Amino acid sequence: MKLLIVEDEKELSHSIISYLSCEKYICESAYDFNEALEKIDLYDYSCIILDLSLPHGNGLDILKEIKRNNKSDCVLIISARNSIDDKVFGLNIGADDYLTKPFHLSELGARVASIIRRKSFDGKNSILLDNLLFDIQAKTLKGPSGKIDLTRMEYILLEYFIANRNKVVTKEAIAGHLCGDDIDLADNYDFIYTHLKNLRKKLKSSAGQEYIKTIYRMGYKFSVNGR
């Protein structure tokens, strides 16, 4: 899943990104109000970690803009403001959670995971998909023969497909999810095809089915038993 960390304290931002990257998230950063608004306008995120006190603006105005534009990005506010009024106001205008600074990175990671489970996986810790058991909490995949070893990018790609199962996703959407604003540096989509080929091969080898279908001139769809 792809996250945006909106935090002007660069040391804290780097620590958050380092920790969450190890948890198999793709992380992007924004250090001020304007940069955050630009990225949110261009890309979709599974969760936005949002500080309230930002250069050139207020994080609550970013949250209001997200809701005004009917974007589905979840928002976790992180703030040094510890008053009940601030928490209630932030949650009432659409934040999914509120975490007061200072915090442990493990708690931040747990809250992000909880938000994403609620949004994309109906709050479940694991999903059984025919011959596949996708453990969201443990971040593992098992087939009939046991655990299927995936690279970090293969796992992120599979998680994206499962969150959008039975929907057609374009190669552009996949590229944006995997690379974010770095996609402009890519000459082509060969890296997508490589990850897709390897993931498909592992799934078919373990479970004996082709779960990821190519939809001609449209993109790809993850489905179980043809559905």
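Given the criterion over 30 Å from Thr140 (Cβ atoms) and either among the basic types (Lys, Arg) or in the same structural domain as Tyr155 (by TED's automatic domain parsing) (or both), identify the matching residue among Lys2, Lys10, Lys24.
Of the residues listed, the single one that is over 30 Å from Thr140 (Cβ atoms) and either among the basic types (Lys, Arg) or in the same structural domain as Tyr155 (by TED's automatic domain parsing) (or both) is Lys10.
Arg117: surrounded by 15 or more Cβ atoms within 10 Å (Cβ to Cβ), out of contact with any strand residue (DSSP E or B) (no Cβ under 8 Å at 6 or more places or on another chain) and assigned to a helix (DSSP H, G or I), yes or no? It is true that Arg117 is surrounded by 15 or more Cβ atoms within 10 Å (Cβ to Cβ), out of contact with any strand residue (DSSP E or B) (no Cβ under 8 Å at 6 or more places or on another chain) and assigned to a helix (DSSP H, G or I).
The residues of region 126-159 that are surrounded by fewer than 17 Cβ atoms within 10 Å (Cβ to Cβ) and of a type in the set (D, E, K, R), listed by number, are Asp130, Asp135, Lys139, Lys147, Asp149, Arg152.
May I ask you to list the residues in region 64-89 that are over 19 Å from Glu9 (Cβ atoms) and either of a type in the set (A, V, I, L, M) or in a helix (DSSP H, G or I) (or both)?
Lys64, Glu65, Ile66, Lys67, Arg68, Ile84, Asp85, Lys87, Val88, Phe89
Against the definition (of a type in the set (S, T, N, Q) and in contact with a Lys or Arg (Cβ under 8 Å, 6 or more places away or on another chain)), how does Ser106 come out, yes or no? No; evaluated as a whole, the condition is false for this residue. When residues in region 73-106 are screened for being more than 15 Å from Leu50 (Cα to Cα) and either among the β-branched types (Val, Ile, Thr) or touching a Leu at 6+ places or on another chain (Cβ under 7 Å) (or both), 2 of them pass.
Assuming Gly123 fulfils every condition listed in (1) loosely packed, with under 15 Cβ neighbours inside 10 Å; (2) assigned to a loop (DSSP other than H, G, I, E, B); (3) in contact with a strand residue (DSSP E or B) (Cβ under 8 Å, 6 or more places away or on another chain) apart from one, which condition is it? Failed condition: (3). Scanning region 61-80 for residues that are exposed (fewer than 14 other Cβ atoms within 10 Å of the Cβ) and either among the hydroxyl-bearing types (Ser, Thr, Tyr) or not assigned by TED's automatic domain parsing to the domain that holds Ile115 (or both) gives a single hit, Ser72. Candidates Ile40, Ile49, Ile16: the one that is touching a Lys or Arg at 6+ places or on another chain (Cβ under 8 Å), crowded, with 20+ Cβ neighbours inside 10 Å and not in a loop (DSSP other than H, G, I, E, B) is Ile40. Residues in region 163-180: is at least one over 13 Å from the mean Cα position of the chain (by Cα), at pLDDT 90 or above, outside any helix (DSSP H, G or I) and of a type in the set (D, E, K, R)? Checking region 163-180: at least one residue is over 13 Å from the mean Cα position of the chain (by Cα), at pLDDT 90 or above, outside any helix (DSSP H, G or I) and of a type in the set (D, E, K, R).
The values are calculated or read from the model by the stated rules, or taken from the named source; none is laboratory data. Predicted, not measured: the structure shown is a model, and the values here were computed from it. In this analysis, Cβ positions are derived from the backbone assuming ideal geometry, glycine residues included, and neighbour counts consider all displayed protein chains.
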